[in-house]
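Chemist: Can you keep this structure in mind? I'll have questions shortly.
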Amino acid sequence: MIAFPNAKINIGLYITSRRSDGYHNIETAMMPTGWCDILEIVPAKGEESTLTVTGRGVDCPMEKNLVMRAYRAMESRYNLPAVDIYLHKIIPDGAGLGGGSADAAFTIKVLNEMFELGLEESTMAEIASTIGSDCPFFIYNRPMLATGTGTTLSPIEITLQGSTLVIVKPDAHVSTAEAYGGCNPQPTGVSLPEILAETPPKEWEQKGVKNDFEATVFKHHPEIGDVKSRIAEMGAEYTAMSGSGAAVFGIFARDILAEEIEASFPGMAYHVAKL
């Protein structure tokens with residue numbers, strides 16, 4: 001069975017408070033994109049489950065890969081037989097696009113369908129939450145407001161039909177610990193769902209839609225801030241870093257050709273899609 005785990009972007013990301021357990025409460029809008037990996041799961045040829053990863057290199061032992069962790073979580077709950085998993089990585093890692101989380105969530109969904117488990121989305125999301133905080137979003141895979149540690153989800157409306165989405169991933173890696181290390185938690189002061197549902201992207205920045213990680217990340221990785229500036233100079237109505245970086249996205253009212261991105265950001269991974 002084949003699936004296409006997709007990336008996400010964060011539109012607005014606020015670090016609202018530090019928790020007693022050492023984690024942080026956040027508020028962010030998450031939206032799926034068309035930048036996808038390729039996942040195939042088939043019955044195992046041998047007695048043991050296997051994971052084969054191709055495409056973009058992932059320096060991770062098999063059992064620590066989020067895909068295999070998702071399989072083990074399902075196997076332990078539902079006594080699943082062994083499988084062979086093939087993952088072709090296209091979404092860049094260390095990008096704030098949730099590629100690994102998407103792969104894990106789609107593994108859960110494929111196993112549910114493959115073995116006819118009949119699990120509800122809420123049940124799969126609960127299992128996904130044990131893998132990573134972004135994973136439950138990809139079970140639902142539609143625009144969501146994420147609060148708490150990122151696993152409390154509620155549907156929201158984001159009106160972007162007819163816009164063009166551009167995502168650029170510079171050659172930089174930002175660790176989540178580094179991003180959180182310099183943040184200053186505080187209440188948002190904005191109603192993110194209301195702004196995204198009722199106002200066009202060109203008004204988002206003036207209404208306070210921003211990524212709290214940018215101040216710290218751009219200080220240590222100015223090349224990411226430079227990508228944001230260059231996307232804005234191309235005429236984006238709104239541009240921001242996704243998650244804790246390093247990918248930056250722009251929303252345009254006009255069509256964007258791949259050749260234009262290649263010329264402006266040579267050698268960088270990118271994705272362009274009409275919304």
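Values in this text are rule-based calculations from the coordinates and carry no lab data. Keep in mind that what you see is a predicted model, and the values were worked out from it rather than measured. As a convention, Cβ positions derive from the backbone with ideal geometry for all residues, glycine included, and neighbour counts pool all protein chains shown.
Chemist: Excluding PRO266 itself, calculate the net charge of residues whose Cβ lies under 14 Å from the Cβ of PRO266, where each Lys or Arg counts +1 and each Asp or Glu counts -1. Don't skip to the end; give the middle numbers.
Modeler: On the way: positive: LYS169, ARG230; negative: ASP171, GLU223, ASP226, GLU259, GLU260, GLU262.
Surrounding charge for PRO266 is -4.
Chemist: Compute the long axis of helix 66-78 from its Cα atoms, compare it with the longest principal axis of the Cα atoms of the chain, and write down the angle in degrees, 0 to 90, nearest 10.
Modeler: Between helix and principal axis, roughly 50 degrees.
Chemist: Using amide H atoms built in the peptide plane, which far-off residues or other-chain residues are under 5 Å from HIS24 H to H?
Modeler: When sequence neighbours closer than 5 places are left aside, the close amide H contacts are ARG19.
Chemist: Could you pull out the trypsin sites (Lys or Arg not before Pro) across region 1-93 that fall in loop regions by DSSP (anything but H, G, I, E, B) with no more than 12 other Cβ atoms inside 10 Å?
Modeler: On the way: sites: LYS8, ARG18, ARG19, LYS45, ARG56, LYS64, ARG69, ARG72, ARG77, LYS89; in loops: ARG19, LYS45, ARG56.
Of the trypsin sites (Lys or Arg not before Pro), the ones in loops of region 1-93 whose Cβ has at most 12 other Cβ atoms within 10 Å are ARG19, LYS45.
Chemist: Considering the options PRO92, SER129, LEU80, tell which one lies farthest towards the positive end of the dipole of region 75-164, charges being +1 on Lys and Arg and -1 on Asp and Glu at the Cβ, about the Cα centre.
Modeler: PRO92
Chemist: By its C-alpha gyration tensor, with a ≥ b ≥ c as the square roots of the eigenvalues, how is region 164-274 shaped: rounded for a/c under 1.5, else prolate for a/b larger than b/c, else oblate?
Modeler: On the way: a/c = 2.36, a/b = 1.12, b/c = 2.11.
Taking the square roots of the gyration eigenvalues as a ≥ b ≥ c, region 164-274 is oblate.
Chemist: Counting Lys and Arg as +1 and Asp and Glu as -1, each charge on the Cβ, what is the dipole of region 125-275 about the Cα centre in debye, to the nearest 20? Walk me through the numbers before you get to the answer.
Modeler: Values: 10 positive and 19 negative charges, 26 e Å.
Here region 125-275 has a charge dipole of around 120 debye.
Chemist: Also, quick follow-up: At most 11 other Cβ atoms within 10 Å plus a DSSP loop assignment makes a site exposed; report the longest stretch of the chain without any exposed GluC sites (Glu not before Pro).
Modeler: Working: sites that count: GLU47, GLU48, GLU116, GLU120, GLU157.
Longest run free of exposed loop sites: 158-275.
Chemist: Choose one of GLY22, PRO61, ALA44: the residue whose Cα lies farthest towards the positive end of the charge dipole of region 2-155 (beta-carbon charges +1 Lys, Arg; -1 Asp, Glu; about the Cα centre).
Modeler: GLY22
Chemist: Also, I was wondering about something else. According to a simple spin-label model (label point 7 Å from Cα along Cα-to-Cβ), what is the distance in nm between GLN161 and SER76?
Modeler: Between SER76 and GLN161, the simple spin-label model gives 4.4 nm.
Chemist: Only residues of region 1-34 count here: report those whose backbone N is under 13 Å from the spot 7 Å along Cα→Cβ of ARG142, or say none.
Modeler: Taking a point 7 Å out along Cα→Cβ of ARG142, the residues of region 1-34 whose backbone N falls under 13 Å are 32.
Chemist: Compute the distance in nm between two label points, each set 7 Å from the Cα along the Cα-to-Cβ direction, one at ALA253 and one at GLU194.
Modeler: Placing both labels 7 Å along Cα→Cβ, they lie 2.4 nm apart.
Chemist: Quick one: dipole size for the chain, taken about the Cα centre, charges +1 on Lys/Arg Cβ and -1 on Asp/Glu Cβ, in debye to the nearest 20. Working shown, then result.
Modeler: Working: 21 positive and 35 negative charges, 65 e Å.
The dipole magnitude comes to about 320 debye.
Chemist: Expressed as an acute angle from 0 to 90° and rounded to the nearest 10, what is the orientation of the C-alpha long axis of helix 222-233 relative to the principal long axis of the chain?
Modeler: 60 degrees
Chemist: Using R₀ = 30 Å, calculate the FRET efficiency as 1/(1 + (r/R₀)^6) where r is the Cβ-Cβ separation of ALA44 and TYR23; round to 0.05. Show your work: numbers first, answer last.
Modeler: Details: r = 36 Å, r/R0 = 1.21.
Computed FRET efficiency for ALA44 and TYR23 comes out at 0.25.
Chemist: Does region 42-138 come out rounded, prolate or oblate by the C-alpha gyration tensor, with a ≥ b ≥ c the root eigenvalues, rounded set by a/c under 1.5 and, if not, prolate when a/b is larger than b/c and oblate if not?
Modeler: Numbers: a/c = 1.94, a/b = 1.13, b/c = 1.71.
Verdict is oblate for region 42-138.
Chemist: Rounded to the nearest 20 Debye, what is the dipole magnitude of region 61-127 about its Cα centre when Lys and Arg each give +1 and Asp and Glu each give -1 at the C-beta? Could you put the intermediate results ahead of the total?
Modeler: Values: 6 positive and 10 negative charges, 49 e Å.
So the dipole magnitude of region 61-127 works out to roughly 240 debye.
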